[in-house]
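First the structure, in the form of structure tokens, and then the observations on it.
The values are calculated or read from the model by the stated rules, or taken from the named source; none is laboratory data. All of these numbers come straight from a predicted model, not from anything done at the bench. All Cβ positions, even for glycine, are placed from backbone atoms using ideal geometry, and neighbour counts span all protein chains on display.
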């Protein structure tokens, strides 16, 4: 009976491995290679990099296969992925990034096409714990862990710097599934120029960026929990790292949770709120953000059924000449948001080759959003720059509950243009409206919007500044005595219908008017 059960278990495991590691391997009989058969020790003390790479090379030499890391702790430098390979982490397996130093077995940073127009971390891939370039049909899966213990969270000038957990360049048909990444370094996952990429059911509790999708096409991110107190959780980008501008396009992000709890406290269930951000303001980041790298732009992107908790809000930014267009975002819930719950920024930082025009931010539809206990410093912000309006934006069925506490004099302050600044909601200081601030925009629809506060608030609810064409329907906003619900500055073609307890009206043109 014991032999029959053992045989059944082996067959079952083989079947499961085939299912989770299906990376399009060409041969009909899957090959499973145990890294221990190639000399891996798995005791957390001996370096196992070379043994794991030998197993990968062996599988690749016969057309592909599954390289299995059985339960154990594998101290490693750079692991080299290959085409037609699945790297499978058994339950109880942890790949540990060893310390950087003499004999560390990390690869050197490769020469980059360009380091001028994007952050240093976006310009190199080989200096990573697990990396691959110009590959096809590759996967990383299993319920084990990747622990970036020895990785730097940044680049240290004059030193070797291994700083990414998983790094992929110019690959296609890639799956990363079920693994957990802890303390992932500068990037837990950096995918640059990767097409047909699926990331599913990951748990990431890290010290900087969680998932960066840069210049990628046909991407599916689903069922992931990403906690990243000091940087962004899920971050589509479109840098100049490939040596040319390429859009990030055809992306779905669904059923994900992003947060900014103390590092490690999502996985251990304590959900701490004590860390101080040494990289900037002392509040958590987390969030889903488009940008800031935005040379190639973003198009055809859907975000749905996601949760933001104790982090910054949704950010859509294009400031380097790219187009940000055709985006649908729906079914979002937010709680304890520390900056603007929705931030759209078209700017002119223009970090890229000379002669590129300012980009466009247009055709964005956001619906079914609930945000509770939002910091009062920044309202919803939709901000273009003079001569470059944000266009065709629709916000529908949105309910936001701010903490409140804004002073009356804050409602009178002038907001700086900050055309070339790094895009972040705090770039404008405290917004003069508590609910929504829209400037240099056209064709804006606000439909079924509810704005409320938890403590007295003395700023206007909504300000439209240099807006051409706005349709305001069924908008409700809580206001204090002597406070205006809607303030218009240099606007034209504004339609108000059953909103703010105001009469239905069309305003052809206003220079400065409060309603």
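Points worth noting:
- Pair list, Cβ under 8 Å, 6 or more apart: the stretch 89-100 residue on the phi > 0 side of the Ramachandran plot and touching a residue at least 40 places away in the same chain (Cβ under 8 Å), other residue surrounded by 20 or more Cβ atoms within 10 Å (Cβ to Cβ) and in a loop (DSSP other than H, G, I, E, B): 92/144
Here's the yes/no breakdown for (1) assigned to a loop (DSSP other than H, G, I, E, B); (2) buried (at least 18 other Cβ atoms within 10 Å of the Cβ); (3) out of contact with any strand residue (DSSP E or B) (no Cβ under 9 Å at 6 or more places or on another chain):
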position	(1), (2), (3)
317	no, yes, no
327	no, yes, no
340	yes, yes, no
348	yes, yes, no
354	yes, no, yes
362	no, yes, no
368	no, no, no
372	no, no, no
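- Some residue of the stretch 477-489 being assigned to a strand (DSSP E or B) and under 31 Å from the mean Cα position of the chain (by Cα): yes
- Counting residues in the stretch 30-39 that are closer than 22 Å to residue 106 by Cβ, surrounded by fewer than 19 Cβ atoms within 10 Å (Cβ to Cβ) and at pLDDT 50 or above gives one or more.
- Residue among 428, 440, 500, 474 that is at pLDDT 95 or above, surrounded by fewer than 19 Cβ atoms within 10 Å (Cβ to Cβ) and in contact with a strand residue (DSSP E or B) (Cβ under 9 Å, 6 or more places away or on another chain): 474
- Flag if residue 450 is more than 29 Å from the chain's Cα centre (by Cα), surrounded by fewer than 21 Cβ atoms within 10 Å (Cβ to Cβ) and assigned to a strand (DSSP E or B): no
- Residue ID - surrounded by the most Cβ atoms within 10 Å (Cβ to Cβ), chosen from residues in the stretch 374-387 that are closer than 21 Å to residue 455 by Cβ and out of contact with any strand residue (DSSP E or B) (no Cβ under 7 Å at 6 or more places or on another chain): 378
- The selection criterion, being touching a helix residue (DSSP H, G or I) at 6+ places or on another chain (Cβ under 7 Å), in contact (Cβ under 8 Å) with a residue 12 or more places away in the chain and either outside any strand (DSSP E or B) or more than 23 Å from residue 174 (Cα to Cα) (or both), holds for residue 82.
- All positions within the stretch 106-121 that are farther than 20 Å from residue 212 by Cα and loosely packed, with under 15 Cβ neighbours inside 10 Å: 108, 111
- The number of residues in the stretch 494-505 being more than 17 Å from residue 450 (Cα to Cα) and more than 36 Å from the chain's Cα centre (by Cα) comes to 3.
- Any chance residue 124 is crowded, with 24+ Cβ neighbours inside 10 Å and either farther than 23 Å from residue 243 by Cα or more than 16 Å from the chain's Cα centre (by Cα) (or both): yes
- So residue 87, is it within 25 Å of the chain's Cα centre (by Cα), in a strand (DSSP E or B) and farther than 15 Å from residue 169 by Cα: yes
- Close pairs (7 angstrom Cβ cut-off, 6 or more residues apart or separate chains): on the phi > 0 side of the Ramachandran plot and free of Cβ contacts under 8 Å to residues at least 24 places away in the same chain in the stretch 452-467, part of a strand (DSSP E or B) and surrounded by fewer than 20 Cβ atoms within 10 Å (Cβ to Cβ) anywhere: none
- Close pairs (7 angstrom Cβ cut-off, 6 or more residues apart or separate chains): without any contact (Cβ under 8 Å) to a residue 60 or more places away in the chain in the stretch 399-426, buried (at least 17 other Cβ atoms within 10 Å of the Cβ) and assigned to a helix (DSSP H, G or I) anywhere: 415/428; 416/428
- Test: residue in the stretch 189-197 that is at pLDDT 95 or above and over 23 Å from residue 133 (Cα atoms): no
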